[in-house]
Amino acid sequence: MKRILNIHVALLATVLVTAPAFAQSVALQRGLLRLPEFARVADKASETVNVTPGSKLLGIACRFLDTNDPEEADAKKLCTSLRGVFVRSFKFDEDFAYPKSDIDSVRRQLSAPGWSRIVESRSKKEHTDVDVFVLIENDKAMGLAIIANQPREFTIVNIVGAIDLENLHDLEGKFGVPNLGIESAKKPAEKK
Amino acid sequence: MTEDLENRMRRAMRKVDAPEGLADRILAALPPRAAPAIVTTLVPPPAARPARSGWRHAMPAALAASFVGAILLGVFAADQRDRIVAARDAEGEAASRALMDALRVTSQKLDLAYQAVNPPPPATDEENRT
């Protein structure tokens, strides 16, 4: 009986010790997509952008942004609440030189609960598909994903963390970010 | 007269035997014999002297060596710190450039989405004429 009690106490202690780390890991995983390596695609690509700053590197990157530069100042406001910005972008010299299956595997992950598609565009004429997804939790955007594929180019963007849509809005006209009609969840409450 | 004086002096200064046991009585009357004091010499033996003169030079040499060592250690530590700071700065600048690139790509694709959702209005006849 005493041995069983000891085992229970040990298990409880283990749970108490590992729970915060597990919760942090879950928080980090929320909104994070499993992006394929795209190693074969990168070999064929004429131009590649592969950005993978995790939370630690993102924090360093944010600190190094120059607040005197308006573009970087707005980026700094946006990135302080982010945990990761992941971009895979490839350009090719010929049409459809990339396998669509890799892109579809990412698109399938976005059918998980919480993700909402806010833009879906299919152009058969231009062979261009664009999807924009937002992960909403407690009326807050906790993740953003963009999948855009064109005949000679495809891009996957995954932004993880609390995205202040007001700040994203502030980037309009600076990075060429257009007004997508994304409204912050705060706005209706403020009107009351 | 002088002979008489001489005779009298001779008689007075004649050799007389000591009374019986005088020597023992004198020895018995003497105080007890004190133990001899032990004196240790502080002067090292002549053979040790050359070693002492070597030690005299070794101390300043050791001090000078530790001083030089401390300076070299300080220079090395400062160099290492500068390298770490430079590496961290380079990493931070590279990360910030990557972040700006990522945000630019994001904005380009959001722009593409915007154009797909809101295509530009068709040109009017008047615009076509101009």
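The values are calculated or read from the model by the stated rules, or taken from the named source; none is laboratory data. Keep in mind the model is a prediction, meaning the values are calculated, not measured. Counting neighbours? That spans all protein chains shown, and the Cβs are built from the backbone with ideal geometry, glycine included. Protein only, heavy atoms only, side chains kept; ligands, DNA and RNA dropped before computing areas. Shrake-Rupley method; radii C 1.70, N 1.55, O 1.52, S 1.80 Å.
Summary of values
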| quantity | calculated |
| --- | --- |
| Selection from the range A:31-67 of residues that are within 20 Å of B:ALA94 (Cβ to Cβ) and outside any helix (DSSP H, G or I) | A:GLU47, A:THR48, A:VAL49, A:ASN50, A:VAL51, A:THR52, A:PRO53, A:GLY54, A:PHE64, A:LEU65, A:ASP66, A:THR67 |
| So A:PHE133, is it modelled with pLDDT of 85 or more, farther than 19 Å from A:PHE38 by Cα and within 14 Å of chain B (Cβ to nearest Cβ) | yes |
| Which listed residue, of B:PRO60, B:PRO120, B:PRO46, is within 14 Å of another protein chain (Cβ to nearest Cβ) and either farther than 30 Å from A:LYS77 by Cα or at pLDDT 90 or above (or both) | B:PRO120 |
| Identity of the residue in the range A:136-153, within 12 Å of chain B (Cβ to nearest Cβ) and farther than 12 Å from B:LEU112 by Cα, that ends up most open to solvent (accessible area, probe 1.4 Å) | A:GLU153 |
| Residue in the range A:106-117 that is more than 22 Å from A:THR52 (Cβ to Cβ), of a type in the set (D, E, K, R), modelled with pLDDT of 85 or more and open to solvent by 50 Å² or more (accessible area, probe 1.4 Å) present | yes |
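Here is a yes/no grid of residues against (1) modelled with pLDDT of 65 or more; (2) exposed (fewer than 10 other Cβ atoms within 10 Å of the Cβ); (3) over 30 Å from A:PHE154 (Cβ atoms):
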position	(1), (2), (3)
A:ALA10	no, no, yes
A:ARG34	yes, yes, no
A:GLU47	yes, no, no
A:VAL51	yes, no, no
A:LYS76	yes, no, no
